[in-house]
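The structure appears right after this line, and notes come after that.
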Amino acid sequence: MSEFVTIGSNQIGPGRPVYVIAEIGLNHNGSVETALQLIDVAAHAGCQAVKFQKRTPEISTPEHMKDTPRETPWGTMTYLEYRYKVEFEKEEYDQIAAYCHAKGMDWFASPWDEPSVDFLEQRDAMAYKIASASVTDLSMLAKIRETGKPVILSTGMSTIEQIDAAVETLGTDNLVILHATSTYPLPPEEANLRMIPTLKERYGLPTGYSGHEPGLQISLAAVALGACVVERHITLDRTMWGSDHAASLEPQGLDHLVRDIRIIETGLGDGVKRVFPGEQAPLSKLRRVGA
């Protein structure tokens, strides 16, 4: 079991800087130029990582959804055709990897099927993120464990028994676990942030938060509750076409999130009571009775 998990040059765990992941996901809408702009946004804000999604659409798309019509900016097409339209392949990921390296940023992706794990291994992904939808895909989780890479596991839409099975399959070496609720956008009454200390106590792993709420308050409260990772979707514009944009942060919101996370983690201190230097003047001025 790992108290700390290292991804790139970043150590994740208690007492370390909060690891902020900018989830680009599919908010690039199939454009590598947009993806690179979003990497710039994440780097400017001070995030340590960006995250994408990788699918083999023929495998990862549920059968009942494949022929469902979808209105898109490219016209009406089946859901399966749409999935292929927005999927990045080797050339795009090679560009992304090189760009992130130049920016000094970690990058990885959530694979949604086993061939996507092979694809990401060929790109030398430095870590794996398990999407909440994949918690029960134990065969894929076992394949990811075989890579020996660090793993970040989201836990939305899952029972505690399903999370137990996923953790057992992945093993507790090099594993980070994230509390999540997979409602888009997330209302406060479903955030259930007290799950962060619950997961930390149950598994003894570095524990964080993956959020889909509007605004910043819940993500910042997660840090105060001990989250050592915060993941949020980002977008250039929340009004853009696509299912995740409305629950994403625009550039200024991301800037403010990272700024406020750094203030909170500094303000949390170490829990050891002391008289600080700034208190000396008020002490001498205001305290009438000494110890």
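The values are calculated or read from the model by the stated rules, or taken from the named source; none is laboratory data. Quantities reported herein were computed from a predicted structural model and do not represent experimental measurements. Positions of Cβ are backbone-derived with ideal geometry, glycine not excepted, and every protein chain shown enters the neighbour counts. Heavy atoms of the whole protein, side chains included, go into the accessibility calculation; ligands, DNA and RNA do not. Shrake-Rupley method; radii C 1.70, N 1.55, O 1.52, S 1.80 Å.
Of the residues making up segment 82-97, those that are open to solvent by 60 Å² or more (accessible area, probe 1.4 Å) and either touching a Phe, Trp or Tyr at 6+ places or on another chain (Cβ under 9 Å) or over 19 Å from Trp241 (Cα atoms) (or both) number 6. With the condition kept exactly as written, say whether any residue in segment 226-241 is part of a helix (DSSP H, G or I), under 23 Å from Val151 (Cβ atoms) and open to solvent by less than 50 Å² (accessible area, probe 1.4 Å). No - not one qualifying residue is present in segment 226-241. Residue check: Ile196 meets all listed conditions (1) in contact with a helix residue (DSSP H, G or I) (Cβ under 7 Å, 6 or more places away or on another chain); (2) part of a helix (DSSP H, G or I); (3) within 28 Å of Asp118 (Cα to Cα) but one, namely (3).
If only residues of segment 181-206 that are in contact with a Gly (Cβ under 7 Å, 6 or more places away or on another chain) and free of Cβ contacts under 8 Å to residues at least 60 places away in the same chain are counted, the one that is surrounded by the fewest Cβ atoms within 10 Å (Cβ to Cβ) is Pro197. Would segment 166-180 turn up any residue that is out of contact with any Cys (no Cβ under 8 Å at 6 or more places or on another chain), under 19 Å from Glu23 (Cβ atoms) and open to solvent by 50 Å² or more (accessible area, probe 1.4 Å)? Scanning segment 166-180 turns up no residue that is out of contact with any Cys (no Cβ under 8 Å at 6 or more places or on another chain), under 19 Å from Glu23 (Cβ atoms) and open to solvent by 50 Å² or more (accessible area, probe 1.4 Å).
Before we move on, is Glu279 open to solvent by 10 Å² or more (accessible area, probe 1.4 Å), under 30 Å from Gly171 (Cβ atoms) and out of contact with any Asp or Glu (no Cβ under 9 Å at 6 or more places or on another chain)? Considered against the rule, which asks whether it is open to solvent by 10 Å² or more (accessible area, probe 1.4 Å), under 30 Å from Gly171 (Cβ atoms) and out of contact with any Asp or Glu (no Cβ under 9 Å at 6 or more places or on another chain), Glu279 comes out as no.
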